[in-house]
Amino acid sequence: WDIITLQQASQYSGMPETYADLSSLISYVLDNCTNLFVDLKFHMTWAYEQTTNHGGFKNYDRDQMKMYNAIVSTVQEKIASNPDFDGILPSGTAIQNLRASGLGDTLTSDGYHLKDTYGDYTAALTWFRAITGESLDLVTYWPDSVKDYKADIMQATARAVYAPYEVSDLGETI
């Protein structure tokens, strides 16, 4: 593989103490990878929908912004300064940005897994942008189910890659 991604289970993603075995995991992955030039990236997950019944949401007092901020803080503390990682895929920030659009807090199918429409497509575009650095203007495939929010999705994604640790106002230009 050219790129290998790691992520923490979503319910623990904002809890720094759950990253205690990260160096062992990285060593295992790199020791078993045949590509000496592999890029190791970290996928930053998203906060749960405010109305979710996921048991892990209690870790954040059932508060979406508390969960988002904990994820960001943990990624900054445990991942951003880790020289083994070649980048962060800020899906969590892209999703949080998109929640500020007309879609609101409706991007998951069950309160925590992304919907196979807006949510999944936004995460996929975040990976594309963060990995390639290319403009989303190059993307020619837009499923009918997301076309009404294309501008918001592009904005949320571009802003997340530009500023991965902060929620952006989609009305501002970058």
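General remarks:
- Spacing of the two label points (7 Å from each Cα toward its C-beta) at Asp63 and Lys150, in nm: 3.9 nm
- For the chain, the Cα gyration tensor yields ellipsoid semi-axes of 25, 21, 14 Å (square root of five times each eigenvalue, largest first, whole Å).
- Calculated FRET value between Thr51 and Leu25, using beta carbons and R₀ = 35 Å, to 0.05: 0.60
- For the chain, with +1 on Lys and Arg beta carbons and -1 on Asp and Glu, the positive-most of Ala9, Ala130, Tyr60 along the dipole: Tyr60
- Value of relative contact order over the chain, rounded to a whole percent, pairs C-alpha under 8 Å and six or more apart: 23 percent
- Euclidean distance of C-alpha centroids, the range 21-98 and the range 101-174, integer Å: 17 Å
- Dividing the summed helix terms, -39500 (n - 2.57) for each DSSP H run of n ≥ 4, by the number of residues in the chain produces a 222 nm estimate of -10000 deg cm²/dmol to the nearest 500.
- Residues with amide H under 5 Å from that of His43, placed H, sequence gap 5 or more: Leu6, Gln7, Leu89
- Under-25-angstrom lysine pairs by C-alpha in the chain, whenever the two are 8 or more apart or on separate chains: 10
- Placing unit charges on the Cβ atoms of the charged side chains and taking the dipole of the chain about its Cα centre, the candidate lying farthest along the positive direction among Pro90, Leu107, Trp142 is Leu107.
- Percent of beta bridges antiparallel (DSSP, the chain, rounded to nearest 5): 10 percent
- Among Phe37, Phe128, the order of accessible area from largest down is Phe37, Phe128, computed with a 1.4 Å probe on protein heavy atoms.
- Gyration tensor (alpha-carbon) shape descriptor, the range 30-121, a/c threshold 1.5: prolate
The values are calculated or read from the model by the stated rules, or taken from the named source; none is laboratory data. Keep in mind the model is a prediction, meaning the values are calculated, not measured. With ideal geometry, Cβ positions are generated from the backbone for all residues, glycine too; neighbour counts draw on all protein chains shown. Just so you know, the surface numbers come from the protein's heavy atoms only, side chains and all, with ligands and any DNA or RNA stripped out. Shrake-Rupley method; radii C 1.70, N 1.55, O 1.52, S 1.80 Å.
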